[in-house]
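Student: Before I ask anything, let me first share the structure, which is written out below as structure tokens.
The values are calculated or read from the model by the stated rules, or taken from the named source; none is laboratory data. Quantities reported herein were computed from a predicted structural model and do not represent experimental measurements. As a convention, Cβ positions derive from the backbone with ideal geometry for all residues, glycine included, and neighbour counts pool all protein chains shown. Ligands, DNA and RNA are stripped out before the accessible areas are found, and what is left, the full protein with its side chains, is counted by its heavy atoms. Shrake-Rupley method; radii C 1.70, N 1.55, O 1.52, S 1.80 Å.
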Amino acid sequence: MPATALPELAALERLIESAPSELGVRTACTVRAPGHGQGDDQRLPVHVLTLGNPDPAVPAVGFFGGVHGLERIGTHVLLSFMDSLLARLRWDGMLHKQLESMRLVFMPLVNPGGMLAATRCNPAGVDLMRNAPVDAIQHAPFMVGGQRFSARLPWYRGAAGGAMEAESTALCRVVEEELLSRRFSVALDCHSGFGLRDRIWFPYAHTPVPIRHLPEIHALKSLFDTTYPNHDYLFEPQSRQYLAHGDLWDHLYKGALARGNGVFLPLTLEMGSWRWVKKNPSQLFSRLGIFNPLPAHRLQRVLRSHLVWLDFLSRVGCAWQEWLPDGAARSRHHEQALTHWYPDAR
Ligand SMILES: [Zn+2]
């Protein structure tokens with residue numbers, strides 16, 4: 001394909017080309033994206049990038065974006081974070097020291113076919129974040145929660161009992177190999193399109209029942225609150241907003257529990273795009289405008305505003321043994337988390 005057909009993929013490949021040799025690069029899978037004419041189909045790579053120590057004994061933090069093709073800003077945020085890390089690799093001894101004791105994994109453009117076509121779903125019409133074999137245990141909202149009627153309608157889960165899509169399978173394999181093999185790991189998946197505020201969601205999406213690692217999530221939130229008291233993220237379980245079928249992170253989290261050998265905390269950054277629309281209502285008339293900040297100054301502000309959170313996560317992953325609660329501290333976090341997030345269950 002011409003390198004410029006998908007600007008985000010072109011930017012990622014430029015970053016790969018100019019990166020120092022420490023950056024590991026592999027292709028998790030390739031996907032076919034229909035071209036304009038017959039025989040014009042393109043094969044697009046889904047890249048995985050790694051930095052730091054590959055030893056499974058060290059912790060890892062994984063960053064994911066571009067699962068929904070319309071939400072380009074997630075990929076942009078990760079590209080800007082990687083640019084900054086790669087620039088620091090050239091002069092920052094502290095970063096080298098950090099990377100000796102941890103692994104960073106990046107999958108910044110999970111759904112290149114969807115992004116090329118400017119659709120939420122992948123080229124087969126499947127919503128990758130509704131594609132895992134997990135059913136909501138009670139009413140998920142009609143359609144938005146995932147549907148099996150037709151690939152021509154949004155939020156299509158794929159055929160019942162069918163294999164997961166290549167992109168979902170690739171993401172799950174990367175998480176299983178790079179994150180779940182460790183004693184501690186965190187994942188952050190970057191999305192946009194919901195609400196006025198930037199939210200950090202954690203599982204579950206398929207049930208309002210709290211996850212087993214609720215105390216650990218609360219401890220991480222508390223650490224962020226005390227380290228950056230002026231931050232403006234809203235932490236909450238996704239189930240507090242809506243239930244959904246087929247959530248990949250619920251599926252992977254359940255897989256991690258079944259393995260039982262470590263702590264895996266999957267988080268989603270849901271950027272509050274309605275605020276961008278509010279400031280610039282003409283964005284409502286653009287399909288991309290509902291999910292992405294369009295004016296250049298707003299894009300720059302969004303890109304720099306998340307760097308603190310992304311850097312925090314990489315450090316918190318590295319230092320997990322310093323803050324992960326146990327014993328009485330864990331019970332205290334559990335109590336506080338239930339009061340904060342699940343008051344009705346008390
Ligand atoms: Zn999304």
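Student: May I ask what percent, to the nearest 5, of DSSP beta bridges between residues of the chain are antiparallel?
Tutor: Just about 40 percent of them are antiparallel.
Student: While we're on this one: Once the piece of chain linking Asp55 and Arg152 is laid out straight, how much longer is it, given 0.36 nm per residue of separation minus the C-alpha distance between them?
Tutor: 30.5 nm
Student: Let me ask you something else. Need the full-extension length gain, Asn230 to Asp40, defined as separation in residues times 0.36 nm minus the C-alpha distance. One decimal, nm.
Tutor: Taking 0.36 nm per residue and subtracting the Cα distance, the gain is 63.4 nm.
Student: Viscosity 0.890 mPa s, temperature 25 °C: what is the translational diffusion coefficient of region 99-184 from Stokes-Einstein with a Kirkwood Rh over Cα pairs, rounded to a whole number of µm²/s?
Tutor: The estimated diffusion coefficient comes to 170 µm²/s.
Student: While we're here: Can you give me the three principal axis dimensions of the chain from its C-alpha atoms, in Å, biggest first?
Tutor: Dimensions of the chain along the principal axes of its Cα atoms: 64, 52, 42 Å.
Student: Could you calculate the FRET efficiency of Phe142 with Phe285 from 1/(1 + (r/R0)^6), where r is the beta carbon distance between them and R0 is 22 Å, rounded to 0.05?
Tutor: Here the calculated transfer efficiency is 0.25.
Student: If you stretched the chain out fully between Ala160 and Tyr342, how much longer would it get, using 0.36 nm times the residue separation minus the C-alpha to C-alpha distance?
Tutor: Taking Ala160 through Tyr342 to full extension adds about 62.3 nm, to one decimal.
Student: In Å, what is the Rg of the alpha-carbon atoms in region 40-151, and how long is Dmax?
Tutor: Radius of gyration, then largest Cα-Cα span, for region 40-151: 17.7, 54 Å.
Student: What's the ranking of 162-171, 123-132, 305-314, 274-283 by average number of surrounding C-beta atoms within 10 Å, highest first?
Tutor: For the peptides 162-171, 123-132, 305-314, 274-283, the packing ranking is 123-132, 162-171, 305-314, 274-283.
Student: Mean residue ellipticity at 222 nm from the helices of the chain, using -39,500 (n - 2.57) per DSSP H segment of n ≥ 4 over the full residue count, to the nearest 500 deg cm²/dmol?
Tutor: Helices in the chain give a 222 nm mean residue ellipticity of -11500 deg cm²/dmol.
Student: Something else about it: How far is it, in nm, from the label point at Met94 to the one at Arg14 when both lie 7 Å from their Cα along the line to the Cβ?
Tutor: 2.9
Student: Going by average Cβ density within 10 Å per residue, which order do the peptides 202-213, 256-267, 56-67 take, highest to lowest?
Tutor: Going by the mean number of other Cβ atoms within 10 Å, highest first, we get 56-67, 202-213, 256-267.
Student: Once neighbouring chains are kept in place and the probe is 1.4 Å, which whole percent of the accessible area of region 171-237 is contributed by carbon and sulfur?
Tutor: The computed percentage sits at 51.
Student: Let me ask another. Sorted by packing (mean other beta-carbon atoms within 10 Å per residue), highest first, where do 83-91, 98-106 land?
Tutor: The packing order, highest mean first, is 98-106, 83-91.
Student: Which shape class applies to region 15-58: rounded if a/c is under 1.5, otherwise prolate when a/b exceeds b/c and oblate if not, where a ≥ b ≥ c are the square roots of the Cα gyration tensor eigenvalues?
Tutor: oblate
Student: Now, a different point. Could you compute how fast region 127-245 diffuses translationally, taking Rh as the Kirkwood radius over C-alpha pairs and applying Stokes-Einstein at 25 °C with viscosity 0.890 mPa s? Give it in µm² per second.
Tutor: After rounding, the answer is 152 µm²/s.
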